[in-house]
1. Evaluate E = 1/(1 + (r/R0)^6) for LEU63 and ALA11, where r is the Cβ-Cβ distance and R0 equals 22 Å; express this FRET efficiency to the nearest 0.05.
2. Under a plain spin-label model, where a point goes 7 Å from the Cα along Cα-to-Cβ, how far apart in nm are TYR38 and ILE20?
Amino acid sequence: MSKAILGTTGAVLLGGASTITALIPMVGSSIVFIRKYYFGLFLSVVLIGVTNGLVVLPAALALLPVGSTQSKANQGLDDEKPDNICEQFPAILGTNVSAKEASV
């Protein structure tokens, strides 16, 4: 769980801090509606989101099973490392030319 918390804490805190910083000018508004509804609601949504990101998300990530990063379909393919990226992803790159054929 500590890995999950460490992985998400920085981004969540920076996002919350930057949003709260952007909301600060609303506090000085002379219009009560702006202070009460815009600032109050946005601040509460940001605080709920930060709490969710710091507590709920890491706890949910910690519950996921940690296994191999390889899928079953890709197991055993690590022995053959292609020289060219076109060999790894021919359909994505739109070519079936291998590095050996391309150099000829």
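1. 0.65
2. 2.0
Throughout, read-outs are computed from the coordinates displayed, never taken from laboratory work. In this text the structure is predicted, and so the values were computed from the model without any measurement. Here the Cβ is made from the backbone with ideal geometry for all residues, glycine too, and neighbour counts use every protein chain on show.
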